[in-house]
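The values are calculated or read from the model by the stated rules, or taken from the named source; none is laboratory data. These numbers come from a predicted model, not from an experiment. Neighbour counts run over all protein chains shown; Cβ positions are idealised from the backbone, glycine included. The protein model used for the area step is the full one, side chains on, heavy atoms only, and it has no ligands, DNA or RNA in it. Shrake-Rupley method; radii C 1.70, N 1.55, O 1.52, S 1.80 Å.
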Amino acid sequence: MLSIRSLLFCIGIFSHVAITAAEHQLTLPKFEQWYHSQEQEQALTLELRDSFLKLQELIAERSPEQKKQRGTHAKGHCITGTFQVLADDELSSAAFARKADLRHGLFAPAYIDEVLPARYRFANSSGRVLPDFIPDIRALSIAVQTHERLSQHFAFNNAPHFELKDLQTFVDVLKMGILVAEGSYKLTAFAKLAWHAGLRRAFAAKAAVDMGEEDKAIADSFSNQSYRSGSTFALGGQPVKLGAYPCDLQVQHTDDLVNKTITADEAKQRGADYLGTQLVSELQSGGICHKLFVQFLDETDQYHHGFDKELIEDTTRIWTGPIHTVAELQIAGEQLSPATCDDPVNGLNPAKVHIDLPGLGQINRARSLIESASRAAR
Ligand code: HEM
């Protein structure tokens, strides 16, 4: 008779293998490729998960609250609101021309004119809860609840790309992050990585960190930022990227997506939590309105210069071209406590996707396992 321990061990293996195998498949092989191989990608995904959990732990140990936060995007504000898919006569002529490709999943005719309940979370990007005058990337995540209790989640950053080009670079960046969290100087962490992984990987990790630093800024407010998915999804079999922009902006092209920023002095005068304070006052004066857009790969300048799978696998590649507005986001409801925002059933869970908008590329193939692990650990 198997002992409890060995039984638990078996369950652990099977449940682990089941999770990884299920997530690790090429949804659109025509547009995707494994990072070296399926096995190597699975191994890197597990290494990335373990590194995220390690960093989450180290940050908690050194934080005044001694509490585990999200592995990233730790400082956030959660608000209820609505999500409304635009009807055909509200689409631009360019969007109307792509109706057959657009009308899938949450954008399908069944949801037109439905005012769907949604939960919005504006956040920083760091895994630490820091003052808002510290430059950072800002994020918007959305959970839309359909009447069939299906839910679609979107997770966007106000940067034109996701700075981690592949899973190996992501693992190496976290390795340096862990060394720094354990007390090493950044240069020592870089040297230690170069010693263990070689100069080429160390410089690739440094380039990703530098790119992230370049994308960081001091936002004027969460409401006047343009947010993007950074990674690619499949809509009706077409590779797309998504995002959201303020309703008072006229946006037909990615060049029109802008972020309003302020100086560090201005931000310091406003205080350490000015973004949250402003959010409350914007909610009191009618709320925040954003529009959701879809960008088709086959309409981008990069695609016209010749398609390569790196346009999907490498999330640092920026797609420039026309965008199509497909829904209106009214962020005007009540502010929710972090606990309610995170409750496992209805909480924000970027890993929970509607079947018709699966993630593409190694970054999306890996993220749900890691985002779920981070959530389970806190
Ligand atoms: C391999 C790729 C990725 C990994 C490993 C990853 C990891 C994580 C982790 C650990 C969390 C915290 C989960 C929690 O504890 O609740 C998280 C949340 C989040 N991620 Fe990612 N992420 C990845 C890709 C992306 C991309 C491409 C974007 C968008 C550009 C993104 C945007 C977000 C946002 C906005 C949240 C906060 C969600 C919320 O409000 O709860 N992530 N991610």
| message | At R0 = 30 Å, how high is the FRET efficiency between L26 and R128 if r is their beta carbon distance? Nearest 0.05 is fine. | response | 0.30
| field | Alpha carbon centroid spacing (whole Å) that separates the range 256-310 from the range 320-337 | value | 11
| Considering the Cα trace of the range 4-377, what is its radius of gyration and what is Dmax, both in angstroms? | 20.4, 63
| field | Label zone at E65, where the point sits 7 Å out along the Cα-to-Cβ direction: the range 265-300 residues whose backbone N lies under 19 Å | value | 272-280
| said: If you filter the range 52-105 for trypsin sites (Lys or Arg not before Pro), then keep DSSP loop positions with at most 12 other Cβ within 10 Å, what is left? | reply: R62, K67
| request: Choose one of A94, Q84, V144: the residue whose Cα lies farthest towards the positive end of the charge dipole of the range 64-209 (beta-carbon charges +1 Lys, Arg; -1 Asp, Glu; about the Cα centre). | output: V144
| query | Lysine pairs, Cα distance under 20 Å, 8 or more residues apart or cross-chain: how many in the range 29-120? | reply | 4
| message | Rounded to the nearest percent, how much of the accessible area of the chain (1.4 Å probe, protein heavy atoms only) is carbon and sulfur? | response | 58
| request: Keeping every protein chain in place, order H161, H290 by accessible area at 1.4 Å, biggest value first, i.e. largest first. | output: H161, H290
| said: Rounded to the nearest 20 debye, what is the charge dipole size of the chain about its Cα centre when +1 sits on each Lys and Arg Cβ and -1 on each Asp and Glu Cβ? | reply: 1240
| task | Calculate, for the range 243-314, the solvent-accessible area per residue in square angstrom, rolling a 1.4 angstrom probe over the heavy atoms of the protein chains. | result | 49
| FRET efficiency, D308 to A97 (Cβ-Cβ, R0 30 Å, nearest 0.05) | 0.70
